[in-house]
1. Give me the number: length gained by fully extending residue 44 to residue 30, i.e. 0.36 nm times residue separation minus the C-alpha to C-alpha distance, one decimal in nm.
2. Considering only the other residues whose Cβ falls under 12 Å of the Cβ of residue 44, what net charge follows from Lys and Arg at +1 and Asp and Glu at -1?
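Throughout, read-outs are computed from the coordinates displayed, never taken from laboratory work. None of the values given here were measured: they were computed from a predicted structure. Methodologically, a virtual Cβ is constructed for each residue, glycine included, from the backbone with ideal geometry; neighbour enumeration extends over all protein chains shown.
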Amino acid sequence: MSEQKSNEQRRKETAAKVWLSYYNRVLYEKGIITERERNRMVLKIDSWKITMT
């Protein structure tokens, strides 16, 4: 059961990171955020972990 939760959590984290990265890229391409802001967000997204309640 613990392994299943771990796999489920990993899938959720991956999906969330994909969406966050997508929106980060779109905001940068549309000129809403700067390159510096985009790069800072990339680092935050890469280190982010979802919390399970």
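1. Numbers: separation 14, 0.36 × 14 = 5.04 nm, distance 2.04 nm.
Full-extension gain reported as 3.0 nm.
2. Values: positive: 17, 38, 40, 49; negative: 37, 46.
Within the 12 Å Cβ shell, the charges total +2.
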